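Scroll down for the structure; my scribbles are underneath it.
The values are calculated or read from the model by the stated rules, or taken from the named source; none is laboratory data. If you're wondering where the values come from, they're calculated on a predicted model, not measured in any experiment. Cβ: placed from backbone, ideal geometry, glycine included. Neighbour counts: every protein chain shown.
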Amino acid sequence: MAQTLQRGPVSGTAVKRAGKKRKPFLLDFYSTAVGKKYVMAITGIMLIGFVVAHMVGNLKMYLGIVEKDGVRDYDLDIYGEYLRQLLVPIVPEYGTLWLMRIGLLAALVFHVHAAYTLTVLNRKARPVKYQSARDYQVASFASRTMRWTGSLVLLFILWHLADLTLGWVNPDFEYGEVYRNVDASLSRVPVAILYIVANIALGIHLFHGVWSLFQSMGWNNPKFNQWRRSLATAIAAIVVIGNVSFPVMVLAGVVEFDPDAGTVIHGEVEEVDE
């Protein structure tokens, strides 16, 4: 009687592959250089939107004290209270604000992680740096300094949170008094200089970031390069001019908290006796 033999795997490699679990698509895609570039571009768009909106909202400090519907308060403080009350009573006070903060923090973490791991991948793919003299000349100053400006901006964000959100490094910090806190912080010359330098670095980072995200998303076309450059220049310039104006105007005395104008308490002004 003929004996039937069962054929086993050809090699150990076949056994290993058969038992290996497949990664979820998103994780598998993120492990590639293309996936990391997409993540950097998408999170970059989110962060750019926040930076522009944050700068525009802070311009309210130039309106000083305003009166609306019988409420008299610093317009910047009214704006801050509006953010704290978003979607109340559907969500608790500060709820929407913290959800936005968590979302932005997640975008920042993914942006930094994608940038770092992409750098590691590039170094492994090309351990010997290849760059001709012409390549170095063509590369812009912004592109060559992306890691440095990104690191500086990240450190500045941590300082900014400790200064104007948590008040840890602002000795005159008063919770909820945005106008007062900005004046108290930026009246210190070293802090004002820090804000100016950090926002110049932010502008350089934004310029190259806006320019390169179109390429990362596959939206680049030689016909639109001038348009891309103009958009990158405009966003970077608007953000830098707007943000740098705050410490400059505080030091110049244009923005100044005036305690003699009354004590501002959530929209009510108590007159100060002469």
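Worth pointing out:
This table checks each residue for (1) more than 20 Å from Gly64 (Cα to Cα); (2) among the hydroxyl-bearing types (Ser, Thr, Tyr); (3) not in a helix (DSSP H, G or I).
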residue	(1), (2), (3)
Ser143	yes, yes, no
Thr149	yes, yes, no
Leu158	yes, no, no
Asp163	yes, no, no
Asn170	yes, no, yes
Gly176	no, no, yes
Tyr179	no, yes, no
Pro190	yes, no, no
Ile193	yes, no, no
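- Against the conditions (1) among the aromatic types (Phe, Trp, Tyr); (2) at pLDDT 85 or above; (3) over 18 Å from Phe29 (Cβ atoms), Phe110 satisfies every one except (3).
- Residue count for segment 60-86 satisfying the condition of being in contact with a Leu (Cβ under 9 Å, 6 or more places away or on another chain), aliphatic (A, V, I, L, M) and either crowded, with 16+ Cβ neighbours inside 10 Å or outside any helix (DSSP H, G or I) (or both): 3.
- Top-ranked residue in segment 113-141 [being under 23 Å from Gly35 (Cβ atoms) and not in a helix (DSSP H, G or I); ranked as modelled with the lowest pLDDT]: Pro127
- Among the residues of segment 231-261, not one is on the phi > 0 side of the Ramachandran plot and either crowded, with 20+ Cβ neighbours inside 10 Å or in contact with a Leu (Cβ under 6 Å, 6 or more places away or on another chain) (or both).
- Residue check, Leu166 at pLDDT 90 or above, out of contact with any Cys (no Cβ under 9 Å at 6 or more places or on another chain) and of a type in the set (A, V, I, L, M): yes
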